[in-house]
Every structure is written in structure tokens, then in C-alpha cells.
């Protein structure tokens, strides 16, 4: 049986809504510390604030790069990553250049991801590449996942939460098969219940991204037995 503590350790408590205020970020940071989440994921404008609120705790600061479209110039994406790292980000969720990938510009996508990931890894940060699986065919999901790993990604991630669909058990299982046992798989987008969360982990997810963290965890027992 999954306990509240065990599941929390797999969750990036996420707040990426455009209307999020500084007070909302403070609340999310407090919740993440209280429940023992893996990370808090916020927009770049709030990285420094989250880093300040989470200082001295085990909760990591995560942010997004090229979010949510993956359509910024590589130089802009690298600068965005560098600034976030300088302000305290420890994990970067990087959106795949989806249009370029679907057009077959594989080397351009590889070079883009490598440039961002190199900056992040030099700073000791973890990189997750968001594939936006709802926009990809099954064979594209596999190819995109493997391309992300070749570029140095530590995780592949299903969704931004702003696309036409979110995480599914089928996509998580497919990504796990594509990347093998040593690369992380993060499920995100539309995760609202403990049952969903557990099903996604059982399908192969090692991390979950959700804004419904409190409701999910409160549905579970505090400890085993």
C-alpha cells in the first residue's frame, strides 16, 4: 500500500498557472515542505522566491524552459535556463521543440536540447524533457524519448498540462519501454486522484507533476498499517 509519505516523495508539487501570485507560490512551497514532496515546480519568474522559501529543506526547486510551446530560439532557451539556475533552480523541465521534431529536423532538436542540458548539468541540475505526448503519434513518442536521452536528459516527461491531453498509463508504459530502466519518466497533466497517481507509477513513472498534490495525498493513509 502507498502511504502519503512514499507518494509525496515522487511528486513535483506544481503551480504553473499564469495567474499565480507570490502568495500562491509561498503556499505551494509550504505544502511541499509539509508533505515531503520531491520538488516544487514554478514558472521562472518565481524561481528566486521558491529558492528562498525552500532553503534548508530537502525540497528541490524546479522550473520550466521554453514553456509551454517549445518554440523559443535556442539562445533564448539557454539564457532562460542559465538565469533560472543562477537564481536557484535545481531541476529544469524543458519543452521539446515539437514542431521542428515533427518536421523531421532531428539534428536541430538534438543540438537545442544538448545546449540547454549542458548548461544545466554543468550547474549540477537535473533535466527533464517534456514531449507533449498528446501531439505525437506512438512511434514519434518513442523517437522523441530516445532523442531526449541521447541529448543527455535525466527524465522524459509526458506533458506540459497546457496541451490537448495529459498523462496516460499507456504513454507512461510506452516511454518506460523506450528509455529503459535507468532514465526517469515523469507523468504530468490531468493527475487529480491518488488512484491515477498510483496507476501511473505502476506503469513506470518515477516522478509525477501535479497541482492537486494536497487532495491526492490526503486520500492516502499517513503511514502503513
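Read-outs throughout are calculated quantities, based only on the coordinates presented, and are distinct from any laboratory measurement. This one's a predicted model, so the numbers in the text were calculated from it and none came from an experiment. For neighbour counting, all protein chains shown are included, and Cβ atoms are generated from backbone atoms with ideal geometry for every residue, glycine included.
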Problem set entry | Residue with peak Gaussian network fluctuation, the chain [Cα springs, cutoff 10 Å], from 30, 107, 91 | 107
For this session: Mind giving me the nanometre distance, one decimal, between the label points for residue 17 and residue 114, set 7 Å out from Cα along Cα→Cβ?
Result: 4.1 nm
Seminar exercise, completed: Share of Cα-Cα pairs in region 146-225 beyond 20 Å, whole percent, is 33 percent
For this session: Subtracting the Cα-Cα distance from 0.36 nm times the residue separation, let me have the gained length for residue 103 to residue 27 in nm, one decimal.
Result: 23.2 nm
Exercise. Most mobile of 18, 181, 44 per a Gaussian network model of the chain (Cα springs, under 10 Å)?
Worked result: 18
For this session: Take the Cβ-Cβ distance between residue 86 and residue 182 as r, set R0 to 41 Å, and report the resulting FRET efficiency rounded to the nearest 0.05.
Result: 0.90
For this session: With springs only between Cα atoms under 10 Å apart, run a GNM on the chain and tell me which of 213, 57, 74 wobbles the most.
Result: 57
Exercise. For residue 52 and residue 192 in the same chain, what is the full-extension length gain: residue separation times 0.36 nm, less their Cα-Cα distance, in nm?
Worked result: 47.6 nm
For this session: Could you calculate the contour length gain from residue 169 to residue 5, that is, 0.36 nm times the residue separation minus the distance between their Cα atoms, to one decimal place in nm?
Result: 56.8 nm
Exercise. Going by a ≥ b ≥ c, the root eigenvalues of the Cα gyration tensor, does region 1-111 fall in the rounded group (a/c under 1.5), the prolate group (a/b larger than b/c) or the oblate group?
Worked result: prolate
For this session: Kindly state, to the nearest 0.05, the FRET efficiency for residue 143 paired with residue 34, given R0 = 45 Å and r defined as their beta-carbon distance.
Result: 0.65
For this session: Counting helices only, and only those DSSP H runs with n ≥ 4, report the 222 nm mean residue ellipticity of the chain as the sum of -39,500 (n - 2.57) divided by its residues, in deg cm²/dmol to the nearest 500.
Result: -13500 deg cm²/dmol
